[in-house]
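The values are calculated or read from the model by the stated rules, or taken from the named source; none is laboratory data. Just so we're clear, the structure is a prediction, and the values are computed from it rather than from any experiment. Cβ coordinates were reconstructed from backbone atoms using ideal geometry, including for glycine residues, and neighbour counts include every protein chain displayed. What goes into the accessible areas is simple: the full protein's heavy atoms, side chains included, and nothing from ligands, DNA or RNA. Shrake-Rupley method; radii C 1.70, N 1.55, O 1.52, S 1.80 Å.
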Amino acid sequence: MRRPASLMAMSVLVTTALLLTACGAERAGYDSSGTGASGASSSPARVDDPGKDGVRITSLTLPPPSASPTHGTSVSADDLAARPDSGIVATFEVTNSTTRALTYSVVFTFLSGDGGAMANQTATVRDVGPGKTVRGSVRAGELAPGARRVSRAKVLVVNKVPAGEAVTPAGTCPPSGIRVSADDGDAAMGLRVVGLHLDNCGKRDYAIEGYPRVELLDDDLNPVTGIAILRGSGDITTGAGPDEQPRPLTLKPGESAQASLVWRNTTESGTAANIPYVRVRAKAGSAPVTVAPHLDLGTTGRLGVRPWTKAKTGTRS
């Protein structure tokens, strides 16, 4: 299945993931000396972003203007290889005001004075307990050649899922030996497709048959009703190709399977449905994983689920 670039990414943006835990203020990549990449003293910037969904930026540290890339400067290949980190650091805090532990995935955007996005970074903050606040930091990283000077930062997107249902970090394997995840999706002419991926990262064979079990959830992670969940995509489109017939599969260690969610975002009369989260089970009785594909279903009221098929490649990292 095609693995498209992140819907949030731009050609001038660099997206990384920082893994933080609720056991303290782990500051991945934070330079506590207060100096930028050039060694010159950095300075704090005014923070005016109100935050979103319990996440807010508490400070933004910028290098002196001389350490920032200059618009229009000629950059050689050797210059690119030697370019340092931008030295831009935002500190933030995440407050869980709910009654259950949550894992947050937060997209921060670093902006120039005219509001243009110079970098996006994603931080994953795991296992934030009810009523708890976790603090961390995120670096803007290396900016693109010719990028304008960053002057502010804001919280762009906040996804939050039950801590026990979060996607396992890449490169690790859950106790079940099965890792379920979703890709960033593909869009064309109103048709939307998001891939679901099942990796056998354990030591035993894993048998599945048919379709993944899915449950739609709203912003508060409560079940959504009124949406028809269809087996297959034939009643939604023929543009995604014919559905393969479901059949029994046995995944050996290192093998993977894939399925997909298919919908159209056509909007006519009525209220458009936007579903942020989907709870996925590989099969009946398996442990759930909640992903955040943000289904913009329009007014169609239908979601197609294509069956599991064996992937041509092995377990993904």
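Below are the figures for this structure:
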| read-out | value |
| --- | --- |
| Net charge, R213 excluded, C-beta distance under 10 Å - Lys, Arg +1, Asp, Glu -1 | +2 |
| Region 195-306 - accessible surface per residue (Å², probe 1.4 Å) | 48 |
| Spin-label pair E93/I229, simplified geometry with 7 Å Cα→Cβ offset, distance in nm | 3.8 |
| Region 82-227, accessible surface, carbon-and-sulfur percent (1.4 angstrom probe) | 50 |
| Cα-based radius of gyration of region 206-288 once divided by 2.2 N^0.38 Å, which approximates compact folds | 1.27 |
| Pairwise centroid distance, computed over Cα atoms, of region 168-220 with region 221-277, Å | 12 |
| Proportion of all alpha-carbon pairs of region 154-245 beyond 17 Å (%) | 67 |
| Cα centre as origin, Lys/Arg/Asp/Glu Cβ charges: region 126-241 dipole, Debye | 780 |
| Charge context of A45, other residues only, Cβ under 14 angstrom, K/R +1, D/E -1 | +2 |
| Cross-link reach list, lysines versus K160, counting only Cα pairs under 23 Å and skipping chain neighbours closer than eight places | K52, K132 |
